[in-house]
Amino acid sequence: MTTPSAEPALRVLRRDDVLAASAAVDPVASVQATLLAHARGATTLPDEAYLPWHTPSSGVFARSLALPGAVWGDRPAVGLKVINSSLDNPSRGMPRAQGWTFLFDPDTARPVAMLEAAWISATRTAAYTVLSARLLAAPGLDRIAVLGCGALAESHLDLLGAEYPDASVVVHDLDPARARAFAALRRADVADDPRAAVEGAGLVVCTTTTTTGYIALDWLAPGALVAHVSLDDVLPEVVAGADLVVIDDWDLIAADDRRLLGRMLREGTLAAPGESKDGARTVDATLADVVAGTHPGRARDTDVVLSNPFGMGVLDVALAADVHDAALARDLGTIIQP
C-alpha cells in the first residue's frame with residue numbers, strides 16, 4: 001500500500017517579502033514572455049469571476065475579482081489572483097485594492113505559495129504599459145500624462161521613470177491636493193483639468209476608477225499612445241477614431257458587459273480582430289500579436305494608438321511565479337505547515 005506524501009507547506013510572502021524578492025525580477029520581461037507564450041497557445045486563461053456590491057456603511061461600490069491562469073512550458077506557473085477593492089478605502093487610509101495571489105503545484109494542484117497581490121497586480125499592469133510603449137509609442141516620447149494619482153499611478157511612474165528618464169510628466173487627479181502631493185514626490189507638473197494634461201502628451205496613462213468617459217479624440221496629439229488600463233476614461237469616439245486599437249485578449253473582452261469595449265461590442269460598434277461589420281470598429285490586434293511579430297504595430301509616427309487591455313490573470317500568475325522563485329533563492333517568507 002502506498003503511503004500518501006505529506007501535504008506541502010505554504011510559503012506566505014507578505015508585501016515586504018514580495019518587494020525584497022522583486023529586486024531580482026524584471027516585470028517587463030515577465031510580461032513579454034507571458035504574452036509570447038499566450039500568442040503560441042501555451043497559456044490557459046479562463047474568464048474572471050466578478051462579485052460586485054455596495055458597502056453597507058456608505059453605499060459605495062466594492063468588488064471582488066478572481067482571475068485564474070496558467071502558463072505552460074519548461075517551468076509551468078499555475079495560480080489564481082483574488083483582489084478586492086472598495087472606493088471608500090483611501091478615506092480610511094487604506095489602498096483601494098488588496099488581495100492575494102496563489103500559486104499551485106502543477107502536479108498535485110496543492111497551493112504552495114500565497115503572495116500579497118496588490119504590488120504584483122499594479123506592477124504587471126505598469127509593465128504591460130511599458131512594453132506597450134516600447135512596441136507602440138512614436139519615436140521621441142518626451143511627455144507623459146498620468147490621469148489618477150493612486151497606487152497604480154505610482155507603479156507606472158516607477159517603471160516609466162526608468163524607461164524614459166528624460167521625459168516630462170504631468171499628472172491630474174479629481175482631488176487637487178492628492179495631485180499636488182503626488183507630483184511633489186515624482187517631480188511632475190500638475191494639470192488643473194484632464195484636457196490640459198492630455199494635450200501634447202506622447203503617452204497618456206489612465207489609472208482612474210471612473211465609469212464615465214471624458215477623453216475626446218481631439219484632445220490627443222498626433223502620434224499619441226493611450227494606455228487605457230482603467231475602465232472608461234476614453235470616449236467611444238477614441239476607439240472608433242484611433243488609427244490602431246490593440247487589446248490583450250478578445251475572449252476576455254467579449255465576455256465582459258461592464259467596460260467600454262465590452263459595451264461597444266454589445267452595441268454593435270466594435271468587432272473582433274479579423275471581423276468586419278457595418279458600423280463597427282474592428283480591433284486591429286492583440287499586444288501578443290505584436291510581441292510575436294504577426295502584427296507590425298504602429299504604421300506611422302503620427303498615428304493615434306489605443307492600447308486597451310482587459311487584464312490577464314496569466315500575467316499575475318507568471319510574475320508571481322518569478323517573485324516566488326526569487327523568494328525561494330533567498331528563503332524569504334513565512335512557512336505555514338498544513
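Summary of values
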{"quantity": "In region 142-174, the residues that are hydroxyl-bearing (Ser, Thr, Tyr) and surrounded by 21 or more Cβ atoms within 10 Å (Cβ to Cβ)", "calculated": "Ser155"}
{"quantity": "Residue that is modelled with pLDDT under 95, on the phi < 0 side of the Ramachandran plot, surrounded by 19 or more Cβ atoms within 10 Å (Cβ to Cβ) and in a loop (DSSP other than H, G, I, E, B), where the choices are Asp257, Asp232", "calculated": "Asp232"}
{"quantity": "Test: residue in region 86-101 that is modelled with pLDDT of 95 or more and touching a Gly at 6+ places or on another chain (Cβ under 8 Å)", "calculated": "yes"}
{"quantity": "Scan of region 59-83 for residues that are open to solvent by less than 60 Å² (accessible area, probe 1.4 Å) and out of contact with any strand residue (DSSP E or B) (no Cβ under 6 Å at 6 or more places or on another chain), ordered by number", "calculated": "Gly59, Val60, Gly69, Gly73, Pro76"}
{"quantity": "Selection from region 220-240 of residues that are among the acidic types (Asp, Glu) and in contact with a helix residue (DSSP H, G or I) (Cβ under 7 Å, 6 or more places away or on another chain)", "calculated": "Asp232, Glu237"}
{"quantity": "Every pair of residues 6+ apart whose Cβ atoms lie under 9 Å, when the first sits in region 106-131 and is of a type in the set (Asp, Glu) while the second is in a loop (DSSP other than H, G, I, E, B) and surrounded by fewer than 24 Cβ atoms within 10 Å (Cβ to Cβ)", "calculated": "Glu116/Arg14"}
{"quantity": "Qualifying residue in region 287-299 (condition: at pLDDT 95 or above, under 21 Å from the mean Cα position of the chain (by Cα) and of a type in the set (Val, Ile, Thr))", "calculated": "yes"}
{"quantity": "Meets criteria (outside any helix (DSSP H, G or I), out of contact with any helix residue (DSSP H, G or I) (no Cβ under 6 Å at 6 or more places or on another chain) and within 26 Å of Thr34 (Cα to Cα)) for Gly297", "calculated": "no"}
{"quantity": "Qualifying residue in region 287-310 (condition: open to solvent by 60 Å² or more (accessible area, probe 1.4 Å) and hydroxyl-bearing (Ser, Thr, Tyr))", "calculated": "yes"}
{"quantity": "Breaking point among (1) of a type in the set (S, T, N, Q); (2) crowded, with 19+ Cβ neighbours inside 10 Å; (3) touching a helix residue (DSSP H, G or I) at 6+ places or on another chain (Cβ under 8 Å), for Ser86", "calculated": "(3)"}
{"quantity": "Qualifying positions in region 180-199 - part of a loop (DSSP other than H, G, I, E, B) and either open to solvent by 50 Å² or more (accessible area, probe 1.4 Å) or under 18 Å from Leu159 (Cα atoms) (or both)", "calculated": "Arg187, Ala188, Asp192, Asp193, Glu199"}
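Quick grid of which residues meet (1) free of Cβ contacts under 8 Å to residues at least 60 places away in the same chain; (2) of a type outside the set (A, V, I, L, M):
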{"site": "Gly200", "(1), (2)": "yes, yes"}
{"site": "Tyr214", "(1), (2)": "yes, yes"}
{"site": "Leu217", "(1), (2)": "no, no"}
{"site": "Gly223", "(1), (2)": "no, yes"}
{"site": "Val229", "(1), (2)": "no, no"}
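The values are calculated or read from the model by the stated rules, or taken from the named source; none is laboratory data. This one's a predicted model, so the numbers in the text were calculated from it and none came from an experiment. Here the Cβ is made from the backbone with ideal geometry for all residues, glycine too, and neighbour counts use every protein chain on show. Ligands, DNA and RNA are stripped out before the accessible areas are found, and what is left, the full protein with its side chains, is counted by its heavy atoms. Shrake-Rupley method; radii C 1.70, N 1.55, O 1.52, S 1.80 Å.
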